[in-house]
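The values are calculated or read from the model by the stated rules, or taken from the named source; none is laboratory data. If you're wondering where the values come from, they're calculated on a predicted model, not measured in any experiment. Quick reminder, even Gly has a Cβ in these numbers, built from the backbone with ideal geometry, and neighbours come from all protein chains shown.
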Amino acid sequence: MNLLQGSIAFALALAGLATLCTALIEILHRLFGLRSDGLKKMLEAYFDDVVKPRLSGDVGKLRADMMTKLTGNALLEKIHPLPAGGHGLWGHVLGLYRNRLLRANAVTTEQFLQRLPDTALFQHLKTDTLDQANAQLKQLADKYDQYGAAATDYFKRRAQMLSLIMGIALALFGNIHAVRIFDTFVQNPEVAQRMATQADAIKAQIDRQAPAAADAKAQLDQTKADLAKVSTSLSEYQAMGLPIGWNYYPNCLGTGKGDPRCKALNLKDKAGEAPGTPCSVMSTLGQDPGGALMWLFAVLLTGVLIGLGGPFWFDLAMRLSQVRQAFGGNAPAGQSAAPAPPAGKDQAIANAAGQLAPAVPATQGRQPWEDKPW
């Protein structure tokens with residue numbers, strides 16, 4: 001039973017560590033505008049491949065206007081005016097990334113249709129009848145869905161790669177050794193039980209969808225909070241009893257000196273005093289190259305495991321807990337959230353079509369969208 005309980009705690013621990021990687025990746029997305037850059041490239045490809053063939057003449061201005069109207073955030077700039085910079089590190093960061101933070105990160109099909117009438121392009125799409133306008137907008141919306149799906153697939157693959165890289169970086173930075181963690185959970189059921197009590201909190205972190213910040217300053221504040229959360233979470237895991245951090249091998253002067261790999265090492269400097277952690281680690285790597293290579297391999301593997309993502313490990317923990325329940329144990333809490341209902345793209349098409357073409361005369365019969373105010 002200890003092996004099963006330890007396996008559940010191990011999966012939960014990796015799920016919790018994976019949520020920290022997600023927070024770090026989100027920080028990168030905010031500061032470097034990765035999502036807004038991806039959205040811009042997707043819209044440019046959409047305009048060139050789908051919209052441009054419908055037009056004639058110089059369409060450069062129409063393209064630029066559409067990009068500005070769809071991805072800009074002039075309203076937020078008016079409500080929350082931002083200084084060009086400021087004093088201190090975060091003031092300089094604010095000034096550097098001011099324009100990036102004000103750009104939209106995503107534009108759904110419904111938002112695309114709602115914002116399209118504000119563009120100069122809209123006037124070039126005018127039609128004679130409402131049916132023609134409806135058909136044209138439906139074609140544009142369907143193509144937008146296709147390009148959006150392709151972009152989402154690309155972003156998902158990129159996020160998986162970033163998660164893998166960030167997982168390895170976190171494991172190296174925090175000296176996180178999967179075998180050491182698993183052994184601790186199996187040999188110390190109390191630590192495993194403390195980890196199990198974190199199931200709800202870990203599930204909440206995995207499901208958490210941070211609301212869009214009101215302005216760029218709020219996004220930077222959220223970035224600082226996320227950084228603090230990563231540091232705090234690692235400290236909390238250490239306090240819980242997880243064997244992570246640089247008190248363990250290859251730092252043979254910390255609690256890791258009890259590791260069998262440390263017993264044969266004599267880590268003293270020329271003055272006969274124990275060196276600090278960096279020197280201790282370097283000395284250990286030099287005196288125990290075989291053990292150091294095994295440690296490095298295990299830490300890199302741990303990073304890969306963390307990079308599989310919080311949902312993967314939490315789902316595995318829930319499956320293992322079901323097996324445990326079958327033997328009379330208790331399963332950690334946490335259920336999957338219900339999926340959100342689909343948005344109304346058809347209604348958005350109808351609203352835009354009403355502005356794109358004159359209303360159909362009453363003698364032709366009324367359509368459902370004709371009863372909606374424009």
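Among Q132, Q198, Q146, which is the only one that is farther than 30 Å from N251 by Cα, in contact (Cβ under 8 Å) with a residue 24 or more places away in the chain and of a type in the set (S, T, N, Q)?
Q132
Here are some residues: D221, D226. Which one is at pLDDT below 90, among the acidic types (D, E) and crowded, with 17+ Cβ neighbours inside 10 Å? I'd like the intermediate steps shown before the answer.
Values: D221 fails: crowded, with 17+ Cβ neighbours inside 10 Å.
On inspection, the qualifying residue turns out to be D226.
For residues that are small (G, A, S) and outside any helix (DSSP H, G or I), scanning just region 29-62, find the one that is nearest to V107 (Cα to Cα).
Out of the qualifying residues, it is G33.
Just give me the residues in region 115-129 being buried (at least 16 other Cβ atoms within 10 Å of the Cβ) and in a helix (DSSP H, G or I), in sequence order.
R115, L116, P117, L121, F122, L125
Identify, please: which residue in region 320-335 is surrounded by 13 or more Cβ atoms within 10 Å (Cβ to Cβ) and farther than 15 Å from A201 by Cα and is, among those, modelled with the lowest pLDDT?
Only one residue tops the list, namely G329.
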